[in-house]
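A.B. asks: Handing you a structure now.
The values are calculated or read from the model by the stated rules, or taken from the named source; none is laboratory data. Everything numeric here is computed off the predicted structure, so don't read it as measured data. Here Cβ is always computed from backbone atoms with ideal geometry, including for glycine, and neighbour counts include all displayed protein chains. The accessibility values were calculated without ligands, DNA or RNA, using every heavy atom of the protein model including side chains. Shrake-Rupley method; radii C 1.70, N 1.55, O 1.52, S 1.80 Å.
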Amino acid sequence: MMAAGGPLEAGGNVGTREMVAQARRWRAGQNPAYSLRSADDGLSRRRGGPSPFWGWSDLARPARLCPRGAGGADSIGHVYQGLLTRRYLTSKITPMLAMLAVMLCTAMVLVVWSVMGGFLSMLLGTGRTLLGDATITWPVVGIPHYEELIERLEADDRISAATGTIDAPGLLKLPDGSILTVQVTGIEPAGFDRVTGYAETLWWRPIETPLAKDVEGVDPRLELSERHLEHGVRLAEPSRASGEEVPAIVPGIELARYSTREAGGWYTPRWSFFPNEEATLSVLPLSQEGVAIDVSARTFPVANEFRTGFYEFDSSKVFAPLDALQEMLSMDAAARVEEGFGFGVVEGEEGEAAFARPGVVGVDPARVTTVLVRAAEGLTPEEAREAAGEVYAAFYADLEAGGRVDRAPSPAVAPILTWEERPGVRTLVAAVKKETALVLALFMFISLTAVFLVFSIFWAMVSEKTKDIGILRAIGASRAGVAWLFLRYGVTIGALGSALGGAAAYLIVRNINPIHEWLGEALGIYVWNPEVYYFTEIPSEVDAGKAALVLAGGVVFSVAGALAPAVKAAAMDPVRALRFE
């Protein structure tokens, strides 16, 4: 109870009837210290005694009361909203659960999107590194006069570089006697480097500064000379027997498993250093009709090893010199003999018996199965594909006019594709994109639990504070002001939860590989298998645009959960609310 005209202290025992009567007398102007502007517009306080509701619990603080002559209610605005938001954030435990839910959902979506999006970005970047922007492909038979085609491609302003390659399956016999199935790619090192950046993928090169985790400086590359890098760039090294330079191969670093990848990111040779060894490469030459001719085998020294970070390539591909592979596959330049020649024994110039030799009628040009194209700076792979198509059409027309087609594919049948459109790659990229979208949709759906949790907490809060809301409405708080009180509270919880979730996601993503290594060492949990996920490391890419979208989504979800309780609070009748027990 309180004395007439005295303040209602928080927690005071005042009957509902007396409280309503005071409110009515106040609205009727019976309290000379105050005057009412309107129920929705707030109250103005004359210079005089305190409000009769001053001190009524947390919600009864006179926020819409202001001195006359000082701008009225509009000069102070919704001060009680900020005051109550701070009070609830610092004194209530239940709203913290809503903030925690927003934080966890935001962090979960950000981590998943960063890993899946990073996986896709790494896949696209690695594929472009190894395959260029666009390709002209004609397997088995190959593309003749490719040197001329490359010159024409590089003369186009839309294309920065082009190079010819040969792809063929093969077998690689290692020094320990094991035999591996590999994909052999014949390259011209300088041209291939211009298109793909091949030299940057060579692993064994001297480094001056150890990796961040190599605190003891045990990385073998710290003591390497330039020799292995030079040999890998040229795909050649001096013969051990004669000292003359001979062709060499460069396999992926995960192929032979002669080196162990350490947790810090470097490789340590196991029993021997593979670039000091030799390996025997076997391929199967095919005729232009696709018929196997014979097995061709050759021993090559290992010049270096390459690492792209794409496990599928690093564990199965071998680079060999283009001219050496052309010779092994019978795709090098050769004499063309007359058709229908019958072999037999003829009389030689001096009357001796000799084998008949067919007459040479021309030269069959060397061939490649693929021409890789790199787009000029600022152009897309699609634009490079269009430019390559136009150049190839003109090239083929000139071959026809000069009678030099030599089984070159016509522009109508020759596959001219971006690297993403190549068979196998297209399916993989599409699958990753769909999987990323599906996982994100699933986690966004799961994140809706934050909306329902905020809704439940705010609904209970409105029910608990019914009488306080009635007091606010009785002293002049507008319906919009009451609604904004709870919406503002939802915005605050969403903003703080999203900020904390973003910080947690950033720390997790930036340290996801050390976390994964710790889980493996301490608990034996290995989630990321490079043989399944292609890459040896978990992608850790944080995109600022995606992060901003997720953080904004956390705030929106929180406000959505607070919307219905805010509408309920704003719709309360002040008299009924004051009678609520």
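A.B. asks: If Trp203 satisfies all but one of (1) within 30 Å of the chain's Cα centre (by Cα); (2) farther than 27 Å from Arg270 by Cβ, what's the number of the condition it fails?
C.D. replies: (2)
A.B. asks: Another question, then. Within region 167-190, how many residues turn out to be small (Gly, Ala, Ser) and more than 16 Å from Thr299 (Cα to Cα)? Write out each step before concluding.
C.D. replies: So the first thing to find is which residues in region 167-190 are small (Gly, Ala, Ser), and the list is 168, 170, 177-178, 186, 190.
With more than 16 Å from Thr299 (Cα to Cα) added as a condition, the list becomes 168, 190.
Total satisfying the criteria: 2.
A.B. asks: For Ser316, state whether it is open to solvent by less than 60 Å² (accessible area, probe 1.4 Å), closer than 29 Å to Trp138 by Cα and over 34 Å from the mean Cα position of the chain (by Cα).
C.D. replies: Numbers: open to solvent by less than 60 Å² (accessible area, probe 1.4 Å): yes; closer than 29 Å to Trp138 by Cα: yes; over 34 Å from the mean Cα position of the chain (by Cα): no.
For Ser316, the condition - open to solvent by less than 60 Å² (accessible area, probe 1.4 Å), closer than 29 Å to Trp138 by Cα and over 34 Å from the mean Cα position of the chain (by Cα) - is not met.
A.B. asks: Which one of the conditions (1) modelled with pLDDT of 85 or more; (2) surrounded by fewer than 20 Cβ atoms within 10 Å (Cβ to Cβ); (3) touching a helix residue (DSSP H, G or I) at 6+ places or on another chain (Cβ under 7 Å); (4) among the small types (Gly, Ala, Ser) does Gly490 fail to meet, given that it meets all the rest?
C.D. replies: Status for Gly490: all satisfied but (2).
A.B. asks: On to the next question. Here is a check on your reading of the model: is Leu229 within 15 Å of Phe306 (Cβ to Cβ), open to solvent by less than 20 Å² (accessible area, probe 1.4 Å) and hydrophobic (A, V, I, L, M, F, W, C)? Full working, then the answer.
C.D. replies: On the way: within 15 Å of Phe306 (Cβ to Cβ): yes; open to solvent by less than 20 Å² (accessible area, probe 1.4 Å): no; hydrophobic (A, V, I, L, M, F, W, C): yes.
No; evaluated as a whole, the condition is false for this residue.
A.B. asks: May I pose another question? Under 8 Å between Cβ atoms, which residue pairs at least 6 apart in sequence (or on different chains) link something in region 207-218 that is on the phi > 0 side of the Ramachandran plot with a partner that is modelled with pLDDT of 85 or more?
C.D. replies: Sorted first by the residue in region 207-218, then by its partner, the pairs are Gly217/Pro210.
A.B. asks: Just one of Val182, Val195, Val233, Val215 is under 19 Å from Asn276 (Cα atoms) and of a type in the set (A, V, I, L, M); which is it?
C.D. replies: Details: Val182 fails: under 19 Å from Asn276 (Cα atoms); Val195 fails: under 19 Å from Asn276 (Cα atoms); Val215 fails: under 19 Å from Asn276 (Cα atoms).
None of the other options fit; the residue is Val233.
A.B. asks: For residues that are under 17 Å from Ile253 (Cα atoms) and charged (D, E, K, R), scanning just region 192-219, find the one that is surrounded by the fewest Cβ atoms within 10 Å (Cβ to Cβ).
C.D. replies: Glu200
A.B. asks: Evaluate region 150-164: report whether one residue or more is in contact with a Lys or Arg (Cβ under 9 Å, 6 or more places away or on another chain), in contact (Cβ under 8 Å) with a residue 40 or more places away in the chain, closer than 30 Å to Ala394 by Cβ and polar (S, T, N, Q).
C.D. replies: yes
A.B. asks: Applying the selection to region 293-319, what residues are assigned to a helix (DSSP H, G or I), out of contact with any Leu (no Cβ under 8 Å at 6 or more places or on another chain) and of a type outside the set (Asp, Glu)? Write out each step before concluding.
C.D. replies: Taking region 293-319 first, the residues assigned to a helix (DSSP H, G or I) are 311-314.
Now drop any that are not out of contact with any Leu (no Cβ under 8 Å at 6 or more places or on another chain), which leaves 311-312.
Residue satisfying the conditions is Tyr311 alone.
A.B. asks: Please go through region 295-313 and give me each residue that is of a type outside the set (A, V, I, L, M), at pLDDT 85 or above and open to solvent by 70 Å² or more (accessible area, probe 1.4 Å), ordered by number. Before the answer, list the steps.
C.D. replies: Taking region 295-313 first, the residues of a type outside the set (A, V, I, L, M) are 296, 298-301, 304-313.
Going one step further and asking which of them are at pLDDT 85 or above, we end up with 296, 298-301, 304-307.
Selection gives Arg298, Thr299.
A.B. asks: Which residue out of Thr449, Thr427, Thr466 is β-branched (Val, Ile, Thr) and crowded, with 16+ Cβ neighbours inside 10 Å?
C.D. replies: Numbers: Thr449 fails: crowded, with 16+ Cβ neighbours inside 10 Å; Thr427 fails: crowded, with 16+ Cβ neighbours inside 10 Å.
Only one candidate qualifies: Thr466.
A.B. asks: Name the residues in region 168-182 that are crowded, with 17+ Cβ neighbours inside 10 Å and closer than 28 Å to Val141 by Cα, would you? I'd like the intermediate steps shown before the answer.
C.D. replies: Taking region 168-182 first, the residues crowded, with 17+ Cβ neighbours inside 10 Å are 168, 170, 172, 174, 180, 182.
Result: Ala168, Gly170, Leu172, Leu180, Val182.
A.B. asks: Can you name the residue in region 373-417 that is within 34 Å of the chain's Cα centre (by Cα) and under 21 Å from Gln326 (Cα atoms) and, of all such residues, is surrounded by the fewest Cβ atoms within 10 Å (Cβ to Cβ)?
C.D. replies: In this case the residue turns out to be Ala414.
A.B. asks: I would also like to ask the following. Scan region 364-372 and give yes if some residue there is outside any helix (DSSP H, G or I), surrounded by fewer than 19 Cβ atoms within 10 Å (Cβ to Cβ) and of a type in the set (Val, Ile, Thr), otherwise no. Break it down stepwise before answering.
C.D. replies: Here is the first cut: in region 364-372, the ones outside any helix (DSSP H, G or I) are 364-372.
So of that shortlist, the ones also surrounded by fewer than 19 Cβ atoms within 10 Å (Cβ to Cβ) come out as 364.
Still in the running and of a type in the set (Val, Ile, Thr): none.
Scanning region 364-372 turns up no residue that is outside any helix (DSSP H, G or I), surrounded by fewer than 19 Cβ atoms within 10 Å (Cβ to Cβ) and of a type in the set (Val, Ile, Thr).
A.B. asks: Name the one entry in Thr260, Thr268 that is within 32 Å of the chain's Cα centre (by Cα), open to solvent by 30 Å² or more (accessible area, probe 1.4 Å) and over 25 Å from Leu123 (Cα atoms). I'd like the intermediate steps shown before the answer.
C.D. replies: Numbers: Thr260 fails: over 25 Å from Leu123 (Cα atoms).
That would be Thr268, the only listed residue that is within 32 Å of the chain's Cα centre (by Cα), open to solvent by 30 Å² or more (accessible area, probe 1.4 Å) and over 25 Å from Leu123 (Cα atoms).
A.B. asks: Related question: Which residues, counting only those in region 150-167, are within 12 Å of Arg374 (Cα to Cα) and open to solvent by 10 Å² or more (accessible area, probe 1.4 Å)?
C.D. replies: Ile150, Glu154, Asp156, Asp157, Arg158, Ser160
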